[in-house]
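Read the figures in this text as sums done on the coordinates, not as results from a lab. In this text, all values refer to a predicted model and were calculated from it rather than measured experimentally. Here the Cβ positions follow ideal geometry from the backbone for every residue, glycine too, while neighbour counts run over all protein chains shown.
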Amino acid sequence: MALIDELGRLRDDGLEAIAASDDLTSLEAVRIALLGKKGSLTAALRGLGGLSAEERPAVGKVSNEVRTSLESALAAREGTLGSAALRARLAAEAVDITLPGRRRAPGREHLIARVVREVSDIFIGLGYTIAEGPEVELDYYNFTALNTPPDHPARNASDTFYVEDLSGETAAVRGESDVLLRTQTSPVQVRVMENATPPIYILAPGRVYRRDVADPSHLPQFTQIEGLVVDEGITFGDLKGTLEHFAREMFGPQRKVRLRPHFFPFTEPSAEVDVSCHLCDGVGCRMCKGSGWLEILGCGVVDPNVFGFAGIDPERYTGFAFGMGAERIAALKYGVPDLRHFVESDMRFLRQF
């Protein structure tokens, strides 16, 4: 019969196509072409309706055998190709346990944070407490209450970041705004004196902002650490002894310390503190510009006018204050020639510490 012959050809062609399939996608395409609703075997079986009653049993038996043969071949080929695909995926995803592992570098404390902690630990050991205040500050606390005159250059918009007023006008250009980014952590000292009764022994570390162009020795944002002592009978000698102790704890017991007269609006008398250069041991080198000394901080006895703003009796109490930049202390202690290295996030530099 012609239909039985056609079914035989479909089986042979189908088995050949199944055997030639090299992946599961092509095998599925062969299955659809053979056994799908529009497949060749399905189309051939539609001719069963035109057969006589005597022919149908023989043709039906052959068609079942063809379908069974094709389905078995499809299942066998699917198993083979599926196993091959699984082996290929496992090989691609395999981990070579003979290779050394990749170490993840743990996070570390930034050098500036370390220096702030080291300085804080020294003064906490002397009985100081840590004080904090807002970084967006009022002109009164940043300048006026620190005995800074209205015409002082530091109050100009060219030196200080002022905040725009509510009308949207750029008050920073005019220099008339009373809100600014603090230029020092000294406002913290005023706020503490307003709300505490002496004796006061505080250390105030924090970020400060100035209109400086970043260069090897200046940053527009840096970390300042200021200290304040207010008590009965405090003298300049107490200040000198405190700072000598700090310098030797921070830079080593062999370091020499000297104080040079200076001027600050909120202290009188005032001084700048130097330590002997660690590279040349005071002989003179490029680091200390041949002087043998490195400046580390400014200090002085609190001006009585500052006590007046804070409501502290200057006849009963005296005190001293000092301030230093954490970046400068870190640069001097660890021999860093450019302050910009601290903020550039260069891991080659940071990993050294």
Checklist entry - So who's got an amide H within less than 5 Å of the one on Glu137, skipping anything under 5 residues away but keeping other chains? H placed 1.01 Å off N, in plane. => result Leu180, Leu181, Arg182
Next on the checklist: I'd like the Karplus ³J(HN,Hα) series for the stretch 140-148: coefficients 6.51, -1.76, 1.60, θ = phi - 60°, whole numbers in Hz, and an x wherever there's a Gly or Pro.
Outcome noted: 4, 6, 7, 10, 4, 5, 9, 6, 8
Item to check | Residues Val283, Val190, Val62, Val95 arranged by fewest to most Cβ contacts within 10 Å | outcome: Val95, Val283, Val62, Val190
Next on the checklist: Relative contact order of the stretch 206-353, please, whole-number percent, based on alpha carbon pairs below 8 angstrom and at least 6 residues apart.
Outcome noted: 27 percent
Checklist outcome for this item: Calculating Rg/Rh (Cα atoms, Kirkwood Rh) from this structure picks out, from (1) 1.46; (2) 1.55; (3) 1.07, entry (2)
Item to check | 5 angstrom amide H check on Cys285, placed H, neighbours 5+ away | outcome: Gly290, Ser291, Gly292
Checklist outcome for this item: GluC sites (Glu not before Pro) in the stretch 55-150 lying in a DSSP loop, each with at most 16 other Cβ atoms within 10 Å of its Cβ, come to Glu55, Glu109, Glu132, Glu135
Item to check | Reach of Lys333 by Cα under 20 Å, taken over lysines that are not fewer than 8 positions away in the same chain | outcome: Lys256, Lys289
Checklist entry - What is the order of Glu16, Glu268, fewest Cβ neighbours within 10 Å to most? => result Glu16, Glu268
Next on the checklist: List the aspartates and glutamates whose Cα sits under 16 Å from the Cα of Lys38, skipping any in the same chain fewer than 8 residues away.
Outcome noted: Glu28
Item to check | the chain: antiparallel DSSP beta bridges as a percent of all, rounded to 5 | outcome: 95 percent
Checklist entry - Lys/Arg Cβ at +1, Asp/Glu Cβ at -1, dipole of the chain taken about the Cα centre: which of Ala94, Gln189, Phe349 is farthest positive-ward? => result Ala94
Checklist entry - From the residues Gly227, Leu41, Ile329, which one has its Cα farthest along the dipole of the chain in the positive direction, the dipole being from +1 and -1 charges on Cβ of Lys/Arg and Asp/Glu about the Cα centre? => result Leu41
Checklist outcome for this item: With the 8 Å Cα cutoff and a minimum separation of six or more residues, the chain has a relative contact order in percent of 14 percent
Item to check | Phi-based couplings in Hz for the stretch 29-41 (Karplus 6.51, -1.76, 1.60; Gly and Pro marked x) | outcome: 5, 5, 4, 5, 5, 8, 10, x, 4, 10, x, 5, 5
Checklist entry - What is the set of long-range amide H partners of Lys256 at a cut-off below 5 Å, with H atoms built 1.01 Å from backbone N? => result Ser276
Checklist entry - What list do you get for Lys256, Lys289 if you sort them by fewest beta carbons within 10 Å? => result Lys289, Lys256
Item to check | In the stretch 74-107, trypsin sites (Lys or Arg not before Pro) in a DSSP loop with at most 10 other beta-carbon atoms within 10 Å | outcome: Arg102, Arg103, Arg104
Item to check | Cα centre as origin, Lys/Arg/Asp/Glu Cβ charges: the chain dipole, Debye | outcome: 1420 debye
Next on the checklist: Restricting to DSSP H runs of at least four residues, report the calculated mean residue ellipticity at 222 nm for the chain, -39500 (n - 2.57) per run over all residues, nearest 500 deg cm²/dmol.
Outcome noted: -12500 deg cm²/dmol
Checklist entry - What ³J(HN,Hα) values, in whole Hz, does the Karplus curve 6.51 cos²θ - 1.76 cosθ + 1.60 give for the stretch 212-226 when θ = phi - 60°, with x put for Gly and Pro? => result 10, 7, 4, 8, x, 10, 9, 9, x, 10, 8, 10, 10, 10, 10
Checklist outcome for this item: The cysteines in the chain that find no other cysteine Cβ closer than 4.7 Å to their own Cβ are Cys299
